2 protein chains.
Amino acid sequence: MPVQERKQRERAERERLIVATARELAEQQGWDAVTTRRLAERIEYSQPVLYSHFRGKREIIGAVALQGATEMAAAVRAATAAVDGPRARVYALARAYLDFAERNPAVYDAIFQLDGGLAYAQEETPEPLKDAFAALLECLGEVVEDDVAPGLFTEVFWASLHGVATLTRSGRLPPEDTEPRVELLVDRLAMV
Amino acid sequence: MPVQERKQRERAERERLIVATARELAEQQGWDAVTTRRLAERIEYSQPVLYSHFRGKREIIGAVALQGATEMAAAVRAATAAVDGPRARVYALARAYLDFAERNPAVYDAIFQLDGGLAYAQEETPEPLKDAFAALLECLGEVVEDDVAPGLFTEVFWASLHGVATLTRSGRLPPEDTEPRVELLVDRLAMV
DNA sequence: CTTGATTGTCTAGCGATGCTAGGATCGGAG
DNA sequence: CTCCGATCCTAGCATCGCTAGACAATCAAG
């Protein structure tokens, strides 16, 4: 009975469309503009269809976050893989992280600021989130001394980048000096 | 004609009441629960009265932010004043900052996360915000080498604390290890 | 003391929001 | 051909931020 399979395929396809459209709309006009009505209109279905895929707006944000986390992990790995030397890799990581945040502000918010109903820092944390953290740890583990736990070091480094990213984007830090900030951060935190 | 003065006093008093009530409600149930209706009900006036004091909800958040920034500056100065040694002062500052964020999450959000319509990092930035930054700078300027600008250093240190504070409170960092994170941060960033 | 205007406050309502109930419509199975 | 179940939509609920316009209280002038 391949008819059911086709329906399942179409359903999965529509779900991807919802997530992609929500993401697009959020990047264009911010998450506040992502209303269930507008979203439904853009995918050319009625509102209740959204609720047959997701429990609510939160879960849609969560879906965008998972997609974004996967991309961010890939971006970080790509940026660090091409670089020689642990310290230089950390620089590349920091720049790639902030670059991702700047280029995909809505996705970054979905992952790190908004409530997408996801579990963080737990066993049941979704794989993409774990993997994004792992991508950071792979690189940062190389520049941590023996007496410091790599996980702890990664958390601190990540938090610092997160602070720079969010404060800059909300206008609380002047954007011009991002580069020297990153240099200072890497110089001090990464002690080979 | 002291009757007008009395009215002005009463008006100012009511404005304080609005800000205090908004803050209280936000700390109790989160900023989402601070609706104009609920707020009006609590101060025992009708909704439009709020709009005779503030342009809208944003400005109310902004007012809470300014009040909070003043308190935070005082908290930081009080925590650092009682400590001997520049490095120990930096520890005290970091703990005081994170403590303030944990004890006043809604106020912290008003200052550093939400949009209160305030200008940051500019000339027309309100005095309380400038002063809060100044409070950090006073302490951190003591542990910065000559070849690093104190302002830049303060920004980076602040951003790192902000990252730890926000990621912890949103459940993205496990709260148990905050203490070692702060130690690592201070050890690395503050190089006497 | 009585006007008239100004100031202050409230009731009621607008256009949105997230979300849901209940009816219509369409397809495959007997 | 008829039924039944899945699928989708219209319509609506409660709530949101915000505002217009009516009403009442207060004050200066006659």
- Sorted from largest down, give the three principal axis spans of the alpha carbons of region A:131-192, whole angstrom values. 37, 24, 14
- Message: Averaged across B:115-123, how many Cβ atoms of other chains sit within 10 Å of each residue's Cβ atom?
- Response: 2
- Task: Would you look at the GNM of chain A, springs on alpha carbons closer than 10 Å, and say which of A:SER160, A:SER46, A:SER170 moves the most?
- Result: A:SER170
- Item | Taking all pairs of distinct alpha-carbon atoms in region A:1-46, Kirkwood radius in angstrom | 11.4 Å
- Item | Value in Å of the Kirkwood radius, where the protein assembly as shown supplies the Cα pairs that are averaged | 22.8 Å
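With each run of n ≥ 4 DSSP H residues scored as -39500 (n - 2.57), what mean residue ellipticity at 222 nm is computed for the protein assembly as shown after dividing by its residue count and rounding to the nearest 500 deg cm²/dmol?
After summing the helix terms and dividing by the residues of the protein assembly as shown, the value is -23500 deg cm²/dmol.
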- Quick one: in region A:9-111, what % of C-alpha pairs are over 21 Å apart? 41 percent
- Given C-alpha coordinates of chain A, what is the ratio Rg to Rh with the Kirkwood estimate of Rh? 1.04
- Item | Within a Gaussian network of chain B (alpha carbon springs, distance under 10 Å), most fluctuating of B:ALA165, B:ALA101, B:ALA149 | B:ALA149
- Message: Run the label-point distances for A:ARG6 please: 7 Å along Cα to Cβ, every other copy, nanometres, shortest first.
- Response: 8.3
- Query: Normalized C-alpha radius of gyration of region A:78-142, against 2.2 N^0.38 Å?
  - Reply: 1.23
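Given Cα pairs under 8 Å that are at least 6 residues apart, what percent is the relative contact order of region B:14-127? Before the final figure, lay out the partial values.
On the way: 105 pairs, mean separation 32.3, N = 114.
In percent, rounded to a whole number, it is 28.
What dipole magnitude, in Debye to the nearest 20, does the protein assembly as shown give about its Cα centre under +1 on Lys/Arg Cβ and -1 on Asp/Glu Cβ?
Magnitude of the dipole: close to 1840 debye.
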- Message: Could you tell me how many cubic angstrom of Cα convex hull volume region B:57-166 has per residue?
- Response: 89 Å³
- At 20 °C and 1.002 mPa s, what whole-number value in µm²/s does Stokes-Einstein give for the translational diffusion of region B:19-70, with Rh from the Kirkwood sum over Cα pairs? 196 µm²/s
- Neighbour-count ranking for A:THR178, A:THR168 (other C-beta within 10 angstrom, fewest to most) reads A:THR178, A:THR168
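Check every DSSP H run in chain B and write down those whose alpha carbon atoms cover 27 angstrom or more along the long axis and whose mean Kyte-Doolittle hydropathy is -1.0 or greater.
Span-like helices, by this rule, are B:57-81, B:150-169.
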- Using Cα centres only, tell me the gap between region A:100-136 and region B:9-47 in whole Å. 34 Å
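The numbers here are math on the coordinates, done by the rules we state, and not lab data. A quick note: this is a predicted structure, and the numbers were derived from the prediction, not measured. Virtual Cβ from ideal backbone geometry, glycine too; neighbours counted across all protein chains shown.
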